[in-house]
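S.K.: Questions regarding the structure given below will be posed in turn.
The values are calculated or read from the model by the stated rules, or taken from the named source; none is laboratory data. Not measured: the values here are computed from a predicted model. Because the Cβ atoms are built from the backbone with ideal geometry, glycine has one as well, and the counts that use them run over all protein chains shown. We work out accessible area using only protein heavy atoms, side chains counted, and drop any ligands, DNA or RNA first. Shrake-Rupley method; radii C 1.70, N 1.55, O 1.52, S 1.80 Å.
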Amino acid sequence: MSKNKLTVPFFNYIRQYNLLKKPIHRGIEQVLNSGHLILDKEVKSLESNFSKYIGATFGISVNSGTDAIKIALRAIMVENGDEIITVANTAIPTVSAIRELGAIPSFVDIKDNFLINENLISKAITDRTKAILPVHLYGQACNMPAILAIAKQNKLKVIEDCAQAHGTTISDKKVGTFGDMAIFSFYPTKNLGAYGDGGIIITSDKHLAEKCRRLRVYGIKNNYRAEIEGYNSRLDELQAAILNVKLKYLDEWNSRRRQIAEYYIKNIINEKIVLPEIDNLENHVFHQFIIRVRNRSNFIKYLSKNKIGYGIHYPYPIHLQPAYNFLKYKEGDLPNTEIFANEIISLPIFPELDNVEIEYIVSVINEY
Ligand SMILES: Cc1ncc(COP(=O)(O)O)c(C=O)c1O
């Protein structure tokens, strides 16, 4: 093994950029020559293309996934003190967006597949609960039929956090079309990533879409008249042009991610490694491929020695982070979330990895 040591990055956008240089540069030049940099043709086209891709009617692009959550919550009238049911094993922005509105995250534990345990949601509902915010983490779908049934019974709104789930499906229906609204992030590492920050809100509700459109530009509809207080949260024409080029490749990239995942699942054979629970390979878009290992720090040293990049998504459950002490959670409140946070590790899975690299990763892991 040591004779053929490779260096495999955890993620590298430059490989994809090299493949798409021509159309991306063309898109950038077109924008710069057009005389329009903000809220113009490319943004409209991305909103239309992406909402069509997801299978919803409206797309409202904004400057990040975090803002998309904040604005979607504002659109459904979330206010100071309202409770939003979500998970603590997510990117911090899921929670910081809730907090920006003064609302309170109410954390529910996860199942062995790392997704919200729908059987624990009802217990978390109180008089102040306004919405459920399921996170389709790592590219795998939450149990939306069950979540929608609970929401309906309790008259709650549902906003799907699809920041890691561009193209994930349940049967043939894409996530992002189940709840009242959904959000996606275009952060560079995402399955569809910009070359900077970006995000989008998806909905098929005309009224909510209109409200989000206003909220992203200071609350104004036209002529500088604001009837609601809003923000500055716009995706710019350059990022939209880049995303319009990349969107055409998303399905192909997701297939390649599935292929790599399938290779890992079939070939990683080591009793120290727990492979992820996958409900259905075809529905998953493998934003991340997560394995579990007991003595993680030892395993990390081993990967580093063999020059294999890795990630941890996420090492600290949000309910136990110092910034959220005031929510008064304690160790043991979310057992699965806490145990998995100590054991999970993300393997390289970006589409431009080549077969020699993934074979190398598997053989190194099998020798651990
Ligand atoms: C699950 C999840 N939600 C929300 C976000 C926020 O997206 P952004 O980084 O674009 O603000 C991210 C990405 O970091 C994420 O992974």
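Condition check ((1) open to solvent by 20 Å² or more (accessible area, probe 1.4 Å); (2) in contact with a strand residue (DSSP E or B) (Cβ under 9 Å, 6 or more places away or on another chain); (3) at pLDDT 95 or above; (4) not β-branched (Val, Ile, Thr)) across all residues:
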{"position": "Ile269", "(1), (2), (3), (4)": "yes, no, yes, no"}
{"position": "Ile290", "(1), (2), (3), (4)": "no, yes, yes, no"}
{"position": "Pro315", "(1), (2), (3), (4)": "yes, yes, yes, yes"}
{"position": "Asn336", "(1), (2), (3), (4)": "yes, yes, yes, yes"}
{"position": "Ile344", "(1), (2), (3), (4)": "no, yes, yes, no"}
{"position": "Glu352", "(1), (2), (3), (4)": "yes, no, yes, yes"}
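S.K.: Out of the helices (runs of 4 or more DSSP H) lying entirely within segment 217-335, which hold 3 or more residues that are closer than 30 Å to Leu73 by Cβ?
M.R.: 237-247, 250-267
S.K.: Looking at (1) polar (S, T, N, Q); (2) within 16 Å of the ligand (Cβ to nearest atom); (3) within 12 Å of Thr86 (Cβ to Cβ), find the lone condition where Thr129 falls short.
M.R.: All conditions pass for Thr129, except number (2).
S.K.: Restricting the search to segment 195-215, which residues are within 9 Å of the ligand (Cβ to nearest atom) and part of a loop (DSSP other than H, G, I, E, B)?
M.R.: Hits for segment 195-215 are Asp197, Gly198.
S.K.: Now, a different point. Looking only at segment 1-24, count every residue that is closer than 14 Å to Pro348 by Cβ, open to solvent by 60 Å² or more (accessible area, probe 1.4 Å) and either part of a loop (DSSP other than H, G, I, E, B) or modelled with pLDDT under 95 (or both) and tell me the total. Outline the logic, then answer.
M.R.: Step one: list which residues in segment 1-24 are closer than 14 Å to Pro348 by Cβ, which gives 6-13, 15-16.
Adding the requirement that they be open to solvent by 60 Å² or more (accessible area, probe 1.4 Å) leaves 7, 11, 13, 15.
Within this subset, residues satisfying the condition of being either part of a loop (DSSP other than H, G, I, E, B) or modelled with pLDDT under 95 (or both) are 7, 11.
Summing the residues that are closer than 14 Å to Pro348 by Cβ, open to solvent by 60 Å² or more (accessible area, probe 1.4 Å) and either part of a loop (DSSP other than H, G, I, E, B) or modelled with pLDDT under 95 (or both) in segment 1-24 gives 2.
S.K.: Oh, and also: Tell me which of these Lys52 doesn't satisfy, since it passes every other one: (1) under 22 Å from the mean Cα position of the chain (by Cα); (2) touching a residue at least 12 places away in the same chain (Cβ under 8 Å); (3) open to solvent by 10 Å² or more (accessible area, probe 1.4 Å).
M.R.: The single condition Lys52 does not satisfy is (2).
S.K.: Here's something else I'd like to know. Out of the residues in segment 144-194 meeting the condition of being within 14 Å of the ligand (Cβ to nearest atom) and charged (D, E, K, R), tell me which one is farthest from Asn117 (Cα to Cα).
M.R.: Lys190
S.K.: Select from segment 336-359 the residues that are farther than 19 Å from Ser297 by Cβ, out of contact with any helix residue (DSSP H, G or I) (no Cβ under 7 Å at 6 or more places or on another chain) and not in a loop (DSSP other than H, G, I, E, B) and list them in ascending order.
M.R.: If the condition is that a residue be farther than 19 Å from Ser297 by Cβ, out of contact with any helix residue (DSSP H, G or I) (no Cβ under 7 Å at 6 or more places or on another chain) and not in a loop (DSSP other than H, G, I, E, B), then Asn336, Thr337, Asn355, Val356, Glu357, Glu359 are the ones that fit.
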